[in-house]
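Peer 1: One structure is given below, represented as structure tokens, and several questions about it will come after.
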Amino acid sequence: MLDVTSFACPEAHIASVEPDEAVMYFATDALAAQARRFVDGFAGEVSYAVKANPAREVLEGVLGAGIRAFDVASPDEMHKVRRVSREAALHYNNPVRSVREIAVGKEMGVGSWSVDALSELAKLGPAVRDAEEVSVRFKLPVKGAHYDFGAKFGATPQAAVALLQAVQAAGYRPALTFHPGTQCHAPEAWESYIAAAADIARAAGVCVERLNVGGGFAAQRSAQAPDLEEVFDRIFRCTQAVFASPPKLVCEPGRALVAESYTLATRVKALRAEGEVFLNDGLYGGLAEWRDMSASTRVRVLGHKGAPRGAPSKAFKVFGPTCDSLDCLPDPVCLPADLKEGDYVLFAGMGAYSMAIATGFNGYGIGSVVRVQRV
């Protein structure tokens, strides 16, 4: 739950409170700035992927920054959005749904669905409103992301042709969608998908009204920030080049939009002579995604009263606080050599997926969320 007390920065809160539990620091202005970056830079509609972080402060923050559409994957996420906005557009782009979930979506006013099989289209039944859209999700063997989503979702381009024709025949607004994979740095991945989308539309003889280019936009995990504007520009120029009648564009960022607005602070519980450090949060908490993602290098350490540690760094093996021996970061983390028990290890760019998939296993986890002016 968000602490209503505001501090200037994480260092100020640590110096004042000296928390002994893991803390998330949230900066509204950082969220607004990144949301506006998408709204101003992307040549189409921006739909926030709620799965990345469904916290109320995030949903309210992206609304305040001008985003009016939300990519939802479950009835629970729909309800979370509706608690902050009755008018926001709902895009239900999880392509596999139960009949009951579809009924909830229809009742909640979902305006856009995705499908990757004829059986999923049949579940939707007839359109209940004139503007109801169905996007055919397809997949390609394209590299450039940390991991690919095509192993789970997406029709082949050949199957997508027939599916797109069936969408139009069913009376829905026809569209296409894809996802280049999470933490994608390569604009070429989007270009390959966009070119394939144009081929699918031509082969189907269907004029698609919109093209959803998915999420996958990279968040900053090192000193070098991703060039999102270059990706935006390449998406727009490629769409204009390959479609005779270019469709309107949609994107659904999650990670790249919300990551920068949070910093995770952990505390050192113990140090071992063998170069092992035990933190009060780990793989069952805010660092859960580190099992599947390359480690971030955006780490800093604070000592007594929030003073930064400045010694040369060395590699430490990092364990979390639970009794499970699997609670260990997969790669060593470079930390100052003068690290001491009681110090705070801060991880920047932790707004995406950290809280959404964290557990309370063994009684540990993120204890509170504190509002700060800057992270």
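Peer 1: Show the residue pairs meeting these rules: Cβ distance below 7 Å; 6+ apart or different chains; first residue within segment 97-125 and farther than 26 Å from S85 by Cβ; second residue in a loop (DSSP other than H, G, I, E, B).
Peer 2: Going by the 7 Å Cβ cut-off, the qualifying pairs are D116/P95; D116/F153; D116/G154; E120/P95; E120/V96; L121/A170; K123/R97.
Peer 1: Right, here's the next one. Among what's in segment 335-359 and is assigned to a loop (DSSP other than H, G, I, E, B) and free of Cβ contacts under 8 Å to residues at least 40 places away in the same chain, pick the residue that is farthest from L302 (Cα to Cα). Steps first, please.
Peer 2: Going through segment 335-359, the residues assigned to a loop (DSSP other than H, G, I, E, B) turn out to be 337-343, 349-353, 358-359.
Restricting the remaining residues to those that are free of Cβ contacts under 8 Å to residues at least 40 places away in the same chain gives 337-338.
On the way: A337: 13, D338: 11 Å.
Of everything passing the filter in segment 335-359, A337 is farthest from L302 (Cα to Cα).
Peer 1: Can you tell me which of (1) of a type in the set (G, A, S); (2) surrounded by fewer than 16 Cβ atoms within 10 Å (Cβ to Cβ); (3) assigned to a helix (DSSP H, G or I) is the one A43 doesn't meet?
Peer 2: (3)
Peer 1: Continuing with the same structure: Within segment 50-75, restricting attention to residues that are of a type in the set (V, I, T) and touching a strand residue (DSSP E or B) at 6+ places or on another chain (Cβ under 7 Å), which residue is nearest to G109 (Cα to Cα)?
Peer 2: Ranking the qualifying residues of segment 50-75, first place goes to V72.
Peer 1: Taking A265, is it assigned to a strand (DSSP E or B) and either in contact with a His (Cβ under 9 Å, 6 or more places away or on another chain) or free of Cβ contacts under 8 Å to residues at least 12 places away in the same chain (or both)?
Peer 2: On the way: assigned to a strand (DSSP E or B): yes; either in contact with a His (Cβ under 9 Å, 6 or more places away or on another chain) or free of Cβ contacts under 8 Å to residues at least 12 places away in the same chain (or both): yes.
So A265 passes the test.
Peer 1: Under 6 Å by Cβ, and 6 or more places apart or on different chains, what pairs join a residue from segment 163-188 that is over 20 Å from Y92 (Cα atoms) with one that is at pLDDT below 95 and crowded, with 24+ Cβ neighbours inside 10 Å?
Peer 2: C184/G216
Peer 1: Pull out all pairs, ordered by first then second residue, where Cβ-Cβ is under 9 Å, the residues are six or more apart or on different chains, the first lies in segment 33-62 and is within 14 Å of V213 (Cα to Cα), and the second is of a type in the set (D, E) and modelled with pLDDT of 95 or more.
Peer 2: The qualifying pairs are A43/D233; V46/E252; S47/D71; S47/E252; Y48/D71; Y48/E252; A49/D71; A49/E252.
Peer 1: Can you confirm whether segment 240-260 contains a residue that is surrounded by fewer than 19 Cβ atoms within 10 Å (Cβ to Cβ) and either outside the structural domain of P174 (by TED's automatic domain parsing) or in contact with a strand residue (DSSP E or B) (Cβ under 7 Å, 6 or more places away or on another chain) (or both)? Talk me through it step by step, then tell me what you get.
Peer 2: Here is the first cut: in segment 240-260, the ones surrounded by fewer than 19 Cβ atoms within 10 Å (Cβ to Cβ) are 240-246, 248.
Now restrict to residues that are either outside the structural domain of P174 (by TED's automatic domain parsing) or in contact with a strand residue (DSSP E or B) (Cβ under 7 Å, 6 or more places away or on another chain) (or both): 248.
Yes, segment 240-260 has at least one match.
Peer 1: Check A244, A259, A203 and return the single one that is of a type in the set (A, V, I, L, M), more than 24 Å from M350 (Cβ to Cβ) and assigned to a helix (DSSP H, G or I).
Peer 2: A203
Peer 1: Turning to a different aspect of this structure: Spot the failing condition for G367; the list is (1) part of a strand (DSSP E or B); (2) within 21 Å of the chain's Cα centre (by Cα); (3) not acidic (D, E), and only one is missed.
Peer 2: Checking G367 against (1) part of a strand (DSSP E or B); (2) within 21 Å of the chain's Cα centre (by Cα); (3) not acidic (D, E), the one that fails is (2).
The values are calculated or read from the model by the stated rules, or taken from the named source; none is laboratory data. From a predicted model like this one, the values you see are computed outputs, not experimental measurements. For neighbour counting, all protein chains shown are included, and Cβ atoms are generated from backbone atoms with ideal geometry for every residue, glycine included.
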